Structure formats: C-alpha cells, structure tokens
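Taking it in order: structure first as structure tokens, then the write-up.
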Amino acid sequence: MIFVTVGSAEEGLEFERLVREMDRVAGALGADVLIQRGTSAYEPAHARHVRFLPFEEAMDCFRRADLVVGHCGAGTALNAILLGKPLILVPRRADAGELDTEDHQMELAACLKGRPGIRIVEDVGDLERVVREMLARPEERPEPSERLVRLRAAVGDFLLRAEKK
Amino acid sequence: MAKVCLVSSAGGHLAEVLGALGEAAGEHDCFVCVTGFENVRRMRLTGVRRVYCMPVFWRYQEPFGVLVSLLVSLPVFVWIFLKERPDALVSAGAEIAIPAFLVNRLLFRKPALYIESITRLHAPSATGRWVARLATRIFVQWPRLLEFYGPKAEYPGGLL
C-alpha cells in the first residue's frame with residue numbers, strides 16, 4: 001500500500017498539486033493508494049481517499065505502508081523515518097499558496113536530501129518515475145539519526161530531574 | 001516516575017513531542033492536552049494515560065478564533081493542573097503551549113521544557129518567542145537557533 005499524506009492539521013492549507021498527481025499515479029500504476037487529502041477540494045478518482053484520519057488510524061497507515069509519499073512536514077517525515085518506511089517528500093511552496101508563512105518545508109527538504117530511503121521531489125511531474133524506483137527497491141529504508149538519540153537522552157534527563165524535585 | 005503534562009496541537013507537533021520522548025513516555029506518567037480538533041477526539045496514545053481535548057472555537061483559522069480559544073484554555077489548564085498536579089510540562093508547540101506555560105509560570109512553577117519544532121531552522125516560531133519567557137528550558141533542534149533564545153536554550157540534537 002502507498003500512503004499519501006498532506007498532513008493532519010485541520011487548519012492546514014490545501015496541497016492539491018500532490019493529491020491530483022498521486023491520484024493520477026495510482027491510476028497509472030494500478031496500485032493500492034490511500035490519500036489523506038486534507039482540505040483539498042479535489043476528489044481522487046483512482047486512489048482511496050479520506051479528508052482526515054484520526055491520529056491513531058494515520059499511525060496505522062504509516063505502519064502498513066510499503067511506501068509513504070507526503071508533504072515535507074515534520075510529522076510525516078518523522079513517522080515514516082521512525083518506522084523505517086521508504087519515503088518521498090514533496091515540499092509545499094509558499095509562493096503557490098501551499099504554505100502560509102515561509103518556505104520551511106523547502107528547508108527541511110534540503111536537510112533530508114540524500115539520506116538513504118528518502119527522496120525529495122519538487123516537481124510533481126517526477127513523482128511517477130520516483131515512485132516506481134522506490135517500489136523497485138524496498139530494501140532501501142530510512143534510519144533514525146544519531147541526533148535523535150541525543151535529543152531523547154536530553155529529554156529523558158529533563159524528566160528525571162523534574163521527578164526528583 | 002514523574003507526572004508529565006504534554007501540551008500539543010494535533011498533527012506534526014504531537015508527532016514531534018511524542019517522538020522526542022520516545023520510550024520515556026512509557027517510563028513516566030504522561031497525559032496529553034491537545035488542541036481538540038475532530039481527528040484527535042477519543043484518541044488513545046501508546047504510553048499516554050489520559051488525553052484532554054482543549055477547547056477550539058469556530059474558525060480557528062482566523063486570529064480571533066485562536067485568541068478566544070487560547071483565552072478559554074487558561075482556566076481549563078488551571079483546572080487540569082489542579083486535578084493532575086504534574087511534575088513537569090513538555091511541549092513542541094503549537095500556540096496551545098502559550099496558555100499552558102503561562103498558567104504554569106504564574107501558579108505552579110514546575111519545570112517546563114519547550115522543544116522548538118524541527119521545521120524551524122533559522123528563526124524561532126511565533127510560539128517559541130512567547131513561550132521562551134515562560135519556559136525553564138528550551139531545546140532547539142538546529143544549532144543556528146541558539147543565538148535567538150539566549151542562556152535557557154541548548155541544542156541536544158534533533159528528531160530527524
């Protein structure tokens with residue numbers, strides 16, 4: 001199953017560019033695709049779709065997915081990476097009205113570029129090719145970084161100190 | 001075991017704060033106060049004992065709706081803190097952290113950790129600017145942000 005998500009923030013902006021193209025790719029590949037399409041008005045014709053999934057159901061979709069295709073949000077990237085799911089990230093663009101403030105998705109994309117099991121796609125026209133490539137190499141999976149180990153240790157330490165007070 | 005209050009909006013921020021805790025969530029007594037949108041109602045989370053849905057008013061997209069929601073959240077947080085008596089507060093945003101950290105700062109004075117979102121690479125978020133004064137510690141996930149937050153901030157690492 002390919003899980004496509006444009007994020008779960010209900011106050012979030014549309015990301016129809018990704019929804020439309022992944023619907024087309026679903027038709028072209030004949031693959032099982034589930035799209036969490038958010039506020040986008042476009043109703044997919046080929047893919048299964050839902051506006052918003054409850055948090056836990058979304059987590060379940062991440063677990064079941066063979067490939068995750070999403071906007072370049074922290075939650076999407078984090079969930080997929082922690083579960084070791086091959087991941088395609090399409091950064092939202094502020095100039096296209098896909099993001100309200102600045103282009104922080106572009107920046108996050110730049111940081112994740114080149115990691116194993118992660119591909120950054122800026123032009124949705126490239127999605128079909130990259131999806132095919134990723135599906136052909138399921139053994140290439142992302143791994144949590146050493147930065148995460150250090151962050152968790154610091155948070156754990158904070159909580160231990162709070163407990164003693 | 002510490003009793004920990006996690007404050008978060010739905011979506012990425014919740015994934016961030018739970019991801020930052022990792023297995024520590026199961027080692028402590030955690031409860032979550034989350035912005036109460038439809039997709040988090042009746043949610044159960046691994047390692048989290050209780051979920052409180054914070055009030056959300058009509059048109060949260062508009063500044064007025066946010067303001068009203070946050071103001072109404074203030075007494076709700078007082079009630080939750082009196083009931084739960086947390087030892088610590090942890091949040092990775094978004095704006096729902098502001099009333100929580102304010103109530104804690106004024107009335108309860110427990111250690112409060114704010115984790116700036118991983119999506120902030122160059123400049124603090126609006127929430128971060130507000131919460132910085134109210135938090136006891138701030139973790140940033142990229143070293144460049146240290147200069148904005150001053151002596152309370154540290155860079156221990158990041159989620160991604």
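Quick notes on this structure:
- Flag for A:V90 being crowded, with 21+ Cβ neighbours inside 10 Å, of a type outside the set (D, E, K, R) and either over 30 Å from B:C5 (Cα atoms) or touching a helix residue (DSSP H, G or I) at 6+ places or on another chain (Cβ under 9 Å) (or both): yes
- Per this entry, B:P99 is not counted among residues that are of a type outside the set (S, T, Y) and in a loop (DSSP other than H, G, I, E, B).
- Unique residue being touching a Leu at 6+ places or on another chain (Cβ under 6 Å) and surrounded by fewer than 18 Cβ atoms within 10 Å (Cβ to Cβ) when the list is B:R105, B:R129, B:R109, B:R144: B:R105
- Matching option when the condition is within 14 Å of chain B (Cβ to nearest Cβ) and either touching a residue at least 60 places away in the same chain (Cβ under 8 Å) or under 26 Å from the mean Cα position of the chain (by Cα) (or both), among A:E139, A:E128, A:E143: A:E143
- If you go through segment A:9-41 and keep only what is small (G, A, S) and touching a strand residue (DSSP E or B) at 6+ places or on another chain (Cβ under 7 Å), you end up with A:A26, A:A31.
- Unique residue being modelled with pLDDT of 95 or more and crowded, with 22+ Cβ neighbours inside 10 Å when the list is A:L18, A:L29, A:L108, A:L34: A:L18
- Scanning segment A:37-59 for residues that are crowded, with 20+ Cβ neighbours inside 10 Å and within 14 Å of chain B (Cβ to nearest Cβ) gives A:R37, A:G38, A:F52, A:F55, A:A58.
- Counting the residues of segment B:12-45 that are modelled with pLDDT of 90 or more and part of a strand (DSSP E or B) gives 6.
- Restricting A:G84, A:G27, A:G75 to residues that are of a type in the set (G, A, S), within 12 Å of another protein chain (Cβ to nearest Cβ) and in contact (Cβ under 8 Å) with a residue 12 or more places away in the chain narrows the list to A:G75.
One line per residue, one yes/no per condition, for (1) at pLDDT below 95; (2) in a helix (DSSP H, G or I); (3) farther than 22 Å from B:E16 by Cβ:
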position	(1), (2), (3)
B:R49	yes, no, no
B:I80	no, yes, no
B:P86	no, no, no
B:V90	no, no, no
B:Y114	no, no, no
B:R120	yes, no, no
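The values are calculated or read from the model by the stated rules, or taken from the named source; none is laboratory data. Being a predicted model, the structure only gives us computed values, none of them experimental. Note: ideal-geometry Cβ built from the backbone for every residue, glycine included; neighbour counts use all protein chains shown.
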